[in-house]
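The structure under discussion appears below in the form of structure tokens.
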Amino acid sequence: MVNQIYVNLPVKNLKRSMEFFSKLGFEYNMKFTNDSAACMVMGKDIFAMLLDENFFQTFTDKTIIDARKNIEVITCFSVDSKEQVETLIDKAKKAGGLSPRPPTDYGFMYSRSFEDLDGHVWEVVSYSGEEQPK
């Protein structure tokens, strides 16, 4: 099966994006970080590759969308508690991100989202341990 996950995202300003995610508490694997790319560590084997748009374009012949106007994917990750969800959303907003949607509480799962500086949508969830309703 899969050993690691790398989410590759085009960014307009790599330095600004790195600063934004650093303010949220994320760190970088400097072995895979340079002037064109930054390897953001999200977990033991989960990474987000923030790629300068020009570098990202070398991997595809397709047009890179403006994530502030269009959407193709929502990247979701979980944290341990509702409080951690709220803390992360607050940090994102203080760092210049947006949180345009209200929280969603399904009972078994609490969810909020934020948009980073490039408009990529990140969904942050926590599970209560209750079983999902059928």
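The values are calculated or read from the model by the stated rules, or taken from the named source; none is laboratory data. Since the model is a prediction, treat every value here as computed from it, not as a measurement. No Cβ is skipped: glycine too gets one built from the backbone with ideal geometry, and neighbour counts run over all protein chains shown.
In the set (1) within 16 Å of Ala95 (Cβ to Cβ); (2) free of Cβ contacts under 8 Å to residues at least 40 places away in the same chain; (3) in contact with a helix residue (DSSP H, G or I) (Cβ under 9 Å, 6 or more places away or on another chain), the condition left unmet by Leu50 is number (2). Any idea how many residues of the stretch 94-114 are under 23 Å from Asn8 (Cβ atoms) and buried (at least 19 other Cβ atoms within 10 Å of the Cβ)? Count: 3.
Only one entry of Ser126, Ser113 meets the criterion of being of a type in the set (Gly, Ala, Ser), closer than 17 Å to Met42 by Cα and in contact with an Asp or Glu (Cβ under 6 Å, 6 or more places away or on another chain), and that entry is Ser113.
Are any of the residues in the stretch 53-70 part of a helix (DSSP H, G or I), touching a residue at least 12 places away in the same chain (Cβ under 8 Å) and loosely packed, with under 12 Cβ neighbours inside 10 Å? Working first, answer last.
Filtering the stretch 53-70 down to residues part of a helix (DSSP H, G or I) leaves 53-57.
Those left that are additionally touching a residue at least 12 places away in the same chain (Cβ under 8 Å): 53-57.
Then keep just the ones that are loosely packed, with under 12 Cβ neighbours inside 10 Å; that gives 54.
Yes, the stretch 53-70 contains a residue that is part of a helix (DSSP H, G or I), touching a residue at least 12 places away in the same chain (Cβ under 8 Å) and loosely packed, with under 12 Cβ neighbours inside 10 Å.
Considering (1) assigned to a strand (DSSP E or B); (2) surrounded by fewer than 12 Cβ atoms within 10 Å (Cβ to Cβ), the lone condition that Pro10 does not fulfil carries the number (2).
To keep it simple, each residue is scored yes or no on (1) modelled with pLDDT of 95 or more; (2) within 18 Å of Ile65 (Cα to Cα).
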| residue | (1), (2) |
| --- | --- |
| Met1 | no, no |
| Leu9 | yes, yes |
| Lys12 | yes, yes |
| Arg16 | yes, no |
| Lys23 | yes, no |
| Phe26 | yes, no |
| Met30 | yes, no |
| Ser36 | yes, no |
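Based on what the data block shows, is Lys91 of a type in the set (Lys, Arg) and either surrounded by 15 or more Cβ atoms within 10 Å (Cβ to Cβ) or assigned to a strand (DSSP E or B) (or both)? Yes: the conditions hold for Lys91. In the set (1) outside any strand (DSSP E or B); (2) without any contact (Cβ under 8 Å) to a residue 24 or more places away in the chain, Met40 fails one condition alone, (1).
Considering only residues in the stretch 23-37 that are exposed (fewer than 14 other Cβ atoms within 10 Å of the Cβ) and free of Cβ contacts under 8 Å to residues at least 60 places away in the same chain, the one that is farthest from Phe114 (Cα to Cα) turns out to be Lys31.
Which number in (1) out of contact with any helix residue (DSSP H, G or I) (no Cβ under 7 Å at 6 or more places or on another chain); (2) without any contact (Cβ under 8 Å) to a residue 60 or more places away in the chain marks the one condition that His120 misses? His120 satisfies every listed condition except (2).
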